[in-house]
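> Submitted below is the structure of interest, expressed as structure tokens.
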Amino acid sequence: MESSLATPPAAPPPGGPQIPSNATKGAVEGSATWRLSDRIGLAICWALGLLFCAIAVAIAVYLFIQGIKYLKPSMLVTPAAAGFSEGETGGFSDAFVGTLIVGVMGMAIALPAGIAIAVWLVEYGRPAALARVTESTIEAIAGIPSIVLALFGTVIFSNTALAFLSRSNEGVVFGRSFFAASAMLSLVALPLIVASVREGLHSIPRHVREASYAVGKTKAATTRRILLPASRPQVATGAMLGLGRIIGDTAIIVVLLGATQNFAPVGGNFPFNYLRGAGTTLTNFVYEASPTGNLNQPQKAYAAAFVLLLMVLALNGAVDIIHRRARKVGTWSS
Amino acid sequence: MDEEFSPEYGPRWSDKRVEQMLGALVCAVVGLLLAMIVTVLVRGWPSFAHNGLAWFGPGGSVDEQLNTIFLSGESGAHYVYTFHAWPLIWSTLLIAGGSVFIALFSALFVAVFVVEFAPEWMSNILQPVIRFLASIPSVIYGLIGVLVLVPFIGNHLVTEHQKASVAGVISLSGYSLLAAITVLTVMIAPLMVSIFSDGLRSVKPGWLEGSLALGVNRWRTTWKIGVRTARPAIVAGTVLAVARAIGEAVMLAMISGSVGFAPNPADGAIFIYEPSRPLAPTIVKNIDQLSSPPSNATLFAIATVLLFSAAFLSLTGWAARRAMRKYGAA
Amino acid sequence: MTTPPPPIRRLELADAPPAQVVEAPVHSDSSLPAAPGGFTGARRSIGAPQFSIRRMEIDDVSVSYANRDAVKGVSLPVRQGEVLSLIGPSGCGKTTLLRSLNRLTELTSTATLTGRILLDDVDIRLIEPTLLRRRVTMVFQQPNPFPMSVFDNIAYVLREQGSRRQRKKALEPAVHSALDRAGLFEEVKDNLDHPALKLSGGQQQRLCIARALAAEPEVLLLDEPCSALDPQSTQVIEDLIVKLRDDVAVVIVTHNLQQAYRIADHVAFMYLGDLVEYNSATALFGSPREQRTQEYVSGAFG
């Protein structure tokens, strides 16, 4: 048989016929079959990988250094105040509490809704056209920029029917409050929760559900008692990721929570009066304290950014722990 | 004793009822999305109606036009809607396009590296690094950009001569295209790396092993078979990244410059130092103008453009993925 | 009596010993006694092998995965012009031995190999793995055509061999000939752009064989190629394998004794990592030397 293509002859390695030690994964096969373009490609891979690491380390180190330099624990409990130099302007306790508030309120809406939608998609899903539309809707919501969600929020919450959720001034509903911000922030977290819970429910094999139906349980009971508890890792992961997105979002806060640095309660009843009023969160505080905003207090900005970063890292760490614990427990047999 | 059952009436939460309730919730969410699209469009319509297709074109200073619009609304007299958004659109294209282009190639190489060629210790470092970068809030990227990168560019990269050459028109103070593209690239690349890596990992190992067993080296196997099979994931990741880049408002508001200026490639080297302001940050910067009706319409018009770009991107991605399904298990 | 054997492609090593040409064992099918175990099907060999040239030598090879011995001290010759079948119950190490022939075992980091394997009298560990795998190609149990068209599957292999990018027209003859040798050309010639994944199972496996042949190998390894296929496809592929034995040395792993009986010229029976018996097919099935072989062949265990 003729070969129309030349096969390059193999060259024995220098130094005589040494038997090489056993090869492992990752060993580059050698020079003869790797063309120049292949080797350049591998070099680019290494260079970019190292560059990523370098950038991440630089960002982390810089934030940590600046944060530790400027963060005083008192800042977390002192509200912001007017002052001439940075040292006199107090802290950002309102922003810190504000972040916690929107986190809790946003998740209070997003988590049940997300679980419900995911359950419907996986367990029910009829008619099929509605299921497809729903999937596309969730994907679309994930792709909408949060600034657009914020603008839409202004329309909804300026409606006089919802006046009780924010401040009104001579018949003009202001439309900015913790309620408004949390409602739109829940949309930001929703797709992440839905995706995660869906994955969890899908990973449960069919025979588990069939076993439950076979003893007469309804689908609802099966879901509530068996399937959702079994997907706890994925639900928790989705919740953590969603929460991370919520506390990291700035655009919705800037638009729907107002440009103040302190709480501005409205009306009389605690805690409703705070939630109806405007306020701030860490992200908004960082934005305002940076040169772009109104305050120009870079030191406090670094401090607030550092606190925010720690919160996000804590959430990431929680996701990691959940994953590691889930792997130890093991998976379904089928 | 099973509390879900009451002896006379059957289960309290019957499947049918639960299904209806959940179905109602799902319909509500779909309805919410539709309401959003309709509302944004309706609110922005006056701006489009008054400008026609010229809305997208060039013509005059965007900042002046926004100011005029706002003032006309405040005064309650005849509303002015004149608005030509081309500088904003051009800035968006430049910044989003530039950063996605760079991020796409970087992310592809890094994903290939992480999945195939990195030694174990290196992968173990890179995975958390990428997750860390992906989870940093955008405002923190903006903060670092404005406090570190912008001064660096303004003081060390742009020469005095260059600043003087455009002194009358704009100021090259570091709030620039370069800063915006750099930070945006670092922001969206980790997201793309995760999606690409997932795509590469889901390639059937039988194909990769088959290719190796035919005498193709690991690099070419990974690219010709692995990356080729993972093309749908690559498209999906890119679409997501572009949507993110277009919609990024706050970070870009902090570092791209507050001037509605259209960077001009014909300016030569200073092109990358010119300030700009894409569509999304424009909304954030002018959010105080919402109370004035014509400004309100203008801002909603910009939001409409953002919304429909995101939708259009999704559609393109979906179509591309369908076309790729011809030959294989996509 | 027959066409002369094709020229051997070998390495130019200064002091390599000449290749050994072994005389083919002489036997005729009609004088076969009925094999024990009830093999009554006719042996499908198209006559006895006309010649055989020693291509690979497996010399006291042991493979272990992280302290578990998969293959212990096996020595076998692999010859062109005949079909060598490795048989044995599950877990006996036959697949591991097969994969060590083209150094696929090295992809597992916990695998260690001792002993020597020679290809044309050169230790395969001295040959670069990628080049080795072009000379010793493998077909797997599950058909794994790439997610491309039929043409591109074969062209993929051919393009990797050359140093410059080949145009489609230049590759067409080679692609057609590879498909022809695999007996697939007639069925796909009308539309070579048909997606390979849409072929039937048997066609996909023949495509994989065509792909393996396109690399112009000296040795073809087959790892239970028919176990995922229906009987008709199996028959087609078995005929194909026997036809190929003149061009390449064929080593086939199979757990199907009847298949081994049908197509093998030499058989190696392995059990728990040991090579129990190596003999010509007629001898091993007809009058096995070892007690364990006798038991396995007659179905006492498996």
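The values are calculated or read from the model by the stated rules, or taken from the named source; none is laboratory data. Just so you know, these numbers come straight off a predicted model, no measurement behind them. Glycine gets a Cβ as well: all are built from the backbone with ideal geometry, and neighbour counts include every protein chain shown.
> How many residues does the range B:256-312 contain that are of a type in the set (A, V, I, L, M, F, W, C) and more than 14 Å from chain A (Cβ to nearest Cβ)?
Taking the range B:256-312 first, the residues of a type in the set (A, V, I, L, M, F, W, C) are B:259, B:261-262, B:266, B:269-272, B:279-280, B:283-284, B:287, B:290, B:297, B:299-303, B:305-308, B:310-312.
Filter once more, so that each one left must be more than 14 Å from chain A (Cβ to nearest Cβ): B:261-262, B:266, B:269-272.
Summing the residues that are of a type in the set (A, V, I, L, M, F, W, C) and more than 14 Å from chain A (Cβ to nearest Cβ) in the range B:256-312 gives 7.
> Which residues, taken from the range B:255-271, are β-branched (V, I, T) and under 20 Å from the mean Cα position of the chain (by Cα)?
Our first condition is that a residue be β-branched (V, I, T); within the range B:255-271, this holds for B:255, B:259, B:270.
Hit for the range B:255-271 is B:I255, nothing else.
> For residues that are in a strand (DSSP E or B) and either among the hydroxyl-bearing types (S, T, Y) or buried (at least 24 other Cβ atoms within 10 Å of the Cβ) (or both), tally how many sit in the range C:269-282.
So the answer is 5.
> Yes or no: the range A:274-282 includes at least one residue that is in contact with a strand residue (DSSP E or B) (Cβ under 6 Å, 6 or more places away or on another chain) and in contact (Cβ under 8 Å) with a residue 40 or more places away in the chain. Let's see the steps before the verdict.
Our first condition is that a residue be in contact with a strand residue (DSSP E or B) (Cβ under 6 Å, 6 or more places away or on another chain); within the range A:274-282, this holds for A:277-278.
Right, trim to in contact (Cβ under 8 Å) with a residue 40 or more places away in the chain and you get A:277-278.
Looking for residues that are in contact with a strand residue (DSSP E or B) (Cβ under 6 Å, 6 or more places away or on another chain) and in contact (Cβ under 8 Å) with a residue 40 or more places away in the chain, one finds at least one in the range A:274-282, hence yes.
> For the range A:175-189, does any single residue satisfy the condition of being more than 22 Å from B:A245 (Cα to Cα), buried (at least 19 other Cβ atoms within 10 Å of the Cβ) and touching a Lys or Arg at 6+ places or on another chain (Cβ under 6 Å)?
There is at least one residue in the range A:175-189 that is more than 22 Å from B:A245 (Cα to Cα), buried (at least 19 other Cβ atoms within 10 Å of the Cβ) and touching a Lys or Arg at 6+ places or on another chain (Cβ under 6 Å).
> If only one of B:I181, B:I95, B:I130 is more than 25 Å from B:S61 (Cα to Cα), among the aliphatic types (A, V, I, L, M) and out of contact with any Asp or Glu (no Cβ under 8 Å at 6 or more places or on another chain), which one is it?
Details: B:I181 fails: more than 25 Å from B:S61 (Cα to Cα); B:I95 fails: more than 25 Å from B:S61 (Cα to Cα).
Result: B:I130 is the single residue among B:I181, B:I95, B:I130 that is more than 25 Å from B:S61 (Cα to Cα), among the aliphatic types (A, V, I, L, M) and out of contact with any Asp or Glu (no Cβ under 8 Å at 6 or more places or on another chain).
> If you don't mind, there's one more thing I want to ask. So how many residues does the range B:174-185 have that are in a helix (DSSP H, G or I) and farther than 15 Å from B:L240 by Cα? Give the derivation first.
The initial filter retains those residues of the range B:174-185 that are in a helix (DSSP H, G or I), namely B:177-185.
With farther than 15 Å from B:L240 by Cα added as a condition, the list becomes B:177-183.
Looking only at that region, the number is 7.
> Among the candidates C:V251, C:V242, which residue alone is part of a strand (DSSP E or B), within 21 Å of C:R79 (Cβ to Cβ) and among the β-branched types (V, I, T)?
Sole residue among the options that is part of a strand (DSSP E or B), within 21 Å of C:R79 (Cβ to Cβ) and among the β-branched types (V, I, T): C:V251.
> Against the conditions (1) crowded, with 24+ Cβ neighbours inside 10 Å; (2) more than 14 Å from every other protein chain (Cβ to nearest Cβ), where does A:L257 fall short? Just the number, please.
Every listed condition holds for A:L257 apart from (2).
> Which of the residues that make up the range A:31-78 are of a type outside the set (G, A, S), surrounded by 16 or more Cβ atoms within 10 Å (Cβ to Cβ) and touching a residue at least 60 places away in the same chain (Cβ under 8 Å)?
Listed by number, the residues that qualify are A:L63, A:Q66, A:Y70, A:L71, A:M75, A:L76.
> Within the range B:313-329, count every residue that is crowded, with 16+ Cβ neighbours inside 10 Å, in contact (Cβ under 8 Å) with a residue 12 or more places away in the chain and within 14 Å of chain C (Cβ to nearest Cβ).
3
> Quick check, is A:L151 within 13 Å of chain B (Cβ to nearest Cβ) and either out of contact with any strand residue (DSSP E or B) (no Cβ under 6 Å at 6 or more places or on another chain) or surrounded by 21 or more Cβ atoms within 10 Å (Cβ to Cβ) (or both)? Explain how you work it out, then say what you get.
Numbers: within 13 Å of chain B (Cβ to nearest Cβ): yes; either out of contact with any strand residue (DSSP E or B) (no Cβ under 6 Å at 6 or more places or on another chain) or surrounded by 21 or more Cβ atoms within 10 Å (Cβ to Cβ) (or both): yes.
The answer is yes for A:L151.
> List every residue pair whose Cβ atoms lie under 7 Å apart, where the two residues are 6 or more positions apart in sequence or sit on different chains, the first residue falls within the range B:275-294 and is of a type in the set (A, V, I, L, M), and the second residue, located anywhere, is at pLDDT 85 or above and not in a helix (DSSP H, G or I).
B:A280/A:P145; B:A280/B:E248; B:A280/B:A249; B:I283/B:A249; B:V284/B:A249
Table: residues versus (1) under 17 Å from C:Y278 (Cα atoms); (2) modelled with pLDDT under 50; (3) assigned to a strand (DSSP E or B).
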residue	(1), (2), (3)
C:S30	no, yes, no
C:G41	no, no, no
C:G47	no, no, no
C:I58	yes, no, yes
C:D69	no, no, yes
C:V78	yes, no, yes
C:S85	yes, no, yes
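> Can you pull out the residues in the range A:73-93 that are within 16 Å of A:V286 (Cα to Cα), at pLDDT 70 or above and in a helix (DSSP H, G or I)?
Selection gives A:M75, A:L76, A:S93.
> May I pose another question? Check B:F109 against each of (1) in contact with a Phe, Trp or Tyr (Cβ under 6 Å, 6 or more places away or on another chain); (2) part of a helix (DSSP H, G or I); (3) within 29 Å of B:I255 (Cα to Cα); (4) not charged (D, E, K, R) and name the one condition it does not meet.
Unmet for B:F109, out of (1) in contact with a Phe, Trp or Tyr (Cβ under 6 Å, 6 or more places away or on another chain); (2) part of a helix (DSSP H, G or I); (3) within 29 Å of B:I255 (Cα to Cα); (4) not charged (D, E, K, R): (1).
> Starting from the range C:110-121, take each residue that is within 17 Å of C:G273 (Cα to Cα) and more than 10 Å from chain A (Cβ to nearest Cβ) and list its partners that are β-branched (V, I, T) and not in a strand (DSSP E or B), counting only C-beta distances under 9 angstrom and pairs at least six apart or across chains.
C:I117/C:I124
> Quick test for you: out of A:L313, A:L295, pick the one residue that is part of a helix (DSSP H, G or I) and out of contact with any His (no Cβ under 6 Å at 6 or more places or on another chain). Let's see the steps before the verdict.
Values: A:L295 fails: part of a helix (DSSP H, G or I).
Unique residue meeting the criteria: A:L313.
> Let me spell it out: the conditions are (1) more than 8 Å from chain B (Cβ to nearest Cβ); (2) free of Cβ contacts under 8 Å to residues at least 12 places away in the same chain, and A:F285 meets all of them except one. Which number is the exception?
Going through the list (1) more than 8 Å from chain B (Cβ to nearest Cβ); (2) free of Cβ contacts under 8 Å to residues at least 12 places away in the same chain, A:F285 breaks only (2).
> Can you tell me which residue in the range B:222-246 is farthest from C:S149 (Cα to Cα), limited to those that are polar (S, T, N, Q) and at the interface with another protein chain (Cβ under 10 Å from one of its Cβ atoms)?
Of the residues in the range B:222-246, the ones polar (S, T, N, Q) are B:222, B:229, B:238.
Filter once more, keeping what is at the interface with another protein chain (Cβ under 10 Å from one of its Cβ atoms): B:222, B:229.
Values: B:T222: 19, B:T229: 13 Å.
Only one residue fits best here, namely B:T222.
> Also: Residues that are surrounded by fewer than 24 Cβ atoms within 10 Å (Cβ to Cβ): list the helices (runs of 4 or more DSSP H) wholly contained in the range B:186-301 that include at least 2 such residues.
Numbers: elements: B:205-213, B:218-221, B:231-247, B:250-255, B:279-285.
Fully inside the range B:186-301 and qualifying: B:205-213, B:218-221, B:231-247, B:279-285.
> While we're here: Going by what's in this entry, would B:S176 be described as over 30 Å from B:L208 (Cβ atoms), among the polar types (S, T, N, Q), more than 11 Å from chain A (Cβ to nearest Cβ) and under 28 Å from the mean Cα position of the chain (by Cα)?
On the way: over 30 Å from B:L208 (Cβ atoms): yes; among the polar types (S, T, N, Q): yes; more than 11 Å from chain A (Cβ to nearest Cβ): yes; under 28 Å from the mean Cα position of the chain (by Cα): yes.
When the stated conditions are applied, B:S176 passes them.
> So which residues in the range C:102-117 are more than 14 Å from C:A66 (Cα to Cα) and in contact with a helix residue (DSSP H, G or I) (Cβ under 7 Å, 6 or more places away or on another chain)? Give the derivation first.
Here is the first cut: in the range C:102-117, the ones more than 14 Å from C:A66 (Cα to Cα) are C:102-104, C:115-117.
If the condition is that a residue be more than 14 Å from C:A66 (Cα to Cα) and in contact with a helix residue (DSSP H, G or I) (Cβ under 7 Å, 6 or more places away or on another chain), then C:N102, C:R103, C:L104, C:I117 are the ones that fit.
> Which of the residues that make up the range B:40-98 are of a type in the set (S, T, N, Q), in contact with a His (Cβ under 9 Å, 6 or more places away or on another chain), in a helix (DSSP H, G or I) and without any contact (Cβ under 8 Å) to a residue 60 or more places away in the chain?
Restricting attention to the range B:40-98, the residues satisfying the condition of being of a type in the set (S, T, N, Q) are B:47, B:51, B:61, B:65, B:67-68, B:72, B:75, B:82, B:91-92.
Subset that is in contact with a His (Cβ under 9 Å, 6 or more places away or on another chain): B:51, B:65, B:72, B:82.
Right, trim to in a helix (DSSP H, G or I) and you get B:51, B:65, B:72.
B:N51, B:Q65 - these are the residues of the range B:40-98 that are of a type in the set (S, T, N, Q), in contact with a His (Cβ under 9 Å, 6 or more places away or on another chain), in a helix (DSSP H, G or I) and without any contact (Cβ under 8 Å) to a residue 60 or more places away in the chain.
> Shifting gears a bit: Where in the range C:137-235 are there helices (runs of 4 or more DSSP H), lying fully within it, with 1 or more residues that are within 10 Å of chain B (Cβ to nearest Cβ) and buried (at least 19 other Cβ atoms within 10 Å of the Cβ)? Talk me through it step by step, then tell me what you get.
Details: elements: C:150-161, C:168-181, C:185-188, C:201-214.
In the range C:137-235, the matching helices (runs of 4 or more DSSP H) lie at C:150-161, C:201-214.
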